[in-house]
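Below you'll find the structure, written out as C-alpha cells, and then a few comments.
The values are calculated or read from the model by the stated rules, or taken from the named source; none is laboratory data. Since this is a predicted model, take the numbers as computed values, not measurements. Because the Cβ atoms are built from the backbone with ideal geometry, glycine has one as well, and the counts that use them run over all protein chains shown. Accessible surface areas use protein heavy atoms only, side chains included; no ligands, DNA or RNA. Shrake-Rupley method; radii C 1.70, N 1.55, O 1.52, S 1.80 Å.
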Amino acid sequence: MKLVFAGTPEVAVPALDALLASGRHEVAAVVTRPDAPAGRGRRLVASPVAERAEEAGIEVLKPVRPKDPGFLERLREIAPDCCPVVAYGALLPRVALDIPAHGWVNLHFSLLPAWRGAAPVQHAIMAGDEITGASTFLIEEGLDSGPVYGTVTEEIRPTDTSGDLLTRLAFAGAGLLAATMDGIEDRTLKAVPQPAEGVSLAPKVNVEDARVDWGTPALRVDRVVRGCTPAPGAWTTFRGERLKIVQARPVPERTDLTPGQLSAGKNNVYAGTGSYAVELLWVQPQGKKPMSGADWARGVRIAAGETLGD
C-alpha cells in the first residue's frame with residue numbers, strides 16, 4: 001500500500017522505521033507537527049519523526065492544523081491507501097479522515113478500551129495495573145473509540161517508569177502496526193468494535209497531578225513517582241522550595257515515620273507516607289542537577305522532625 005505516516009515524538013520513530021523496513025509498503029510522505037522552540041536559545045527544532053523522514057528522503061508535511069486547505073490538497077494528490085498514526089498530537093477532521101481508502105490507523109499504547117487519551121502509559125502505572133499493551137484501531141471522530149485491528153500485551157514491571165514502559169511499547173507496537181498494515185492489504189484483518197464495558201480515560205498528566213501526597217500509602221507514592229518519570233516529574237516541597245523526586249523505593253520495614261517526615265542516615269534518606277516509608281534514591285532540588293538522596297540530605301542537613309510537603 002501507499003502510506004502517509006503521521007507522528008511527532010521520539011516514541012513514534014520505531015514505528016516509522018518498521019514501516020520503512022517492511023519492504024511491502026511505500027511510505028510516500030510523513031505528517032508531523034510544525035517545528036517547535038527548544039533548548040535555552042529557544043530555536044526552532046524539527047520533530048524526531050521529521051528528522052528521521054528527512055534522513056530517509058521522504059517528503060515531510062507540517063501543517064499548523066490538519067484542516068488547512070493546502071495540506072488537504074497535498075494529501076489528496078498523494079492519494080494514500082492508508083495513514084498509520086503514532087502520537088501525532090493533533091485532532092484529525094472528518095475531511096482528512098475520509099481521504100485514504102483504508103482510513104487512518106492509530107497505534108495507541110494501551111489495551112483499548114482501557115486508558116483512552118493522551119497519557120495511557122502514565123495512568124496505567126499510577127493505577128497499579130500489572131498488564132498493559134498496545135492497540136491498533138481505525139480512527140473515528142470519538143476519543144480513541146474506533147474499532148480495533150490488533151493488540152500486543154506487555155507486563156508492567158515493579159520498577160518501571162513511564163519512560164521505561166513507553167520505550168518497550170514503542171518497539172512492540174511498531175511490529176504490531178506493520179503487521180496491521182499487512183493484514184489490511186491482504187484483507188485478512190477486520191476491525192472489531194470496542195466493548196462498551198471497561199472504558200477508562202487517560203488525560204494528560206499535568207504538574208499538579210505529579211505532586212506527591214505523603215498522606216497516601218507508600219505504594220501510591222511509588223506509582224506516582226514512576227508514572228510521572230520522566231515527565232512531568234513527581235515533586236514535593238522542602239523548606240518552601242520545589243524538590244523533584246526522581247526515584248524512590250518502598251521500604252515496608254520502616255513504619256516509624258509520619259507522612260512526609262524525613263529520616264537521614266549515613267547512606268540513606270527516608271520519607272514517611274500514609275503506610276510505611278519510602279527511600280528517596282534520587283532527587284533534584286530546584287535549579288540543580290539530579291543527585292542521590294543521601295547526597296542531598298547531607299547537603300541540606302535535615303533537622304529532627306523536618307518534613308516534605310506543606
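If you go through the stretch 176-205 and keep only what is open to solvent by less than 80 Å² (accessible area, probe 1.4 Å), of a type outside the set (Gly, Ala, Ser) and in a loop (DSSP other than H, G, I, E, B), you end up with 189, 194, 195, 199, 203, 205.
Conditions tested, residue by residue: (1) touching a Ser or Thr at 6+ places or on another chain (Cβ under 8 Å); (2) assigned to a strand (DSSP E or B); (3) at positive phi; (4) modelled with pLDDT of 95 or more.
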position: 222; (1), (2), (3), (4): no, no, no, yes
position: 230; (1), (2), (3), (4): yes, no, no, yes
position: 245; (1), (2), (3), (4): yes, yes, no, yes
position: 254; (1), (2), (3), (4): yes, no, no, yes
position: 257; (1), (2), (3), (4): yes, no, no, yes
position: 273; (1), (2), (3), (4): yes, no, no, yes
position: 281; (1), (2), (3), (4): yes, yes, no, yes
position: 297; (1), (2), (3), (4): no, no, no, yes
position: 305; (1), (2), (3), (4): no, no, yes, no
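Restricting the stretch 256-299 to residues that are over 24 Å from residue 229 (Cα atoms) and not small (Gly, Ala, Ser) leaves a set whose member that is surrounded by the fewest Cβ atoms within 10 Å (Cβ to Cβ) is 266. So which residues in the stretch 44-84 are surrounded by 19 or more Cβ atoms within 10 Å (Cβ to Cβ) and charged (D, E, K, R), if there are any at all? Residue satisfying the conditions is 52 alone.
Considering only the stretch 37-73, state which residues are charged (D, E, K, R) and either assigned to a loop (DSSP other than H, G, I, E, B) or in contact (Cβ under 8 Å) with a residue 24 or more places away in the chain (or both). Spell out the reasoning first.
Our first condition is that a residue be charged (D, E, K, R); within the stretch 37-73, this holds for 40, 42-43, 51-52, 54-55, 59, 62, 65, 67-68, 73.
If the condition is that a residue be charged (D, E, K, R) and either assigned to a loop (DSSP other than H, G, I, E, B) or in contact (Cβ under 8 Å) with a residue 24 or more places away in the chain (or both), then 40, 42, 52, 59, 62, 65, 67, 68 are the ones that fit.
Residue 118 passes every criterion in (1) open to solvent by 40 Å² or more (accessible area, probe 1.4 Å); (2) touching a residue at least 40 places away in the same chain (Cβ under 8 Å); (3) farther than 19 Å from residue 8 by Cα apart from (3).
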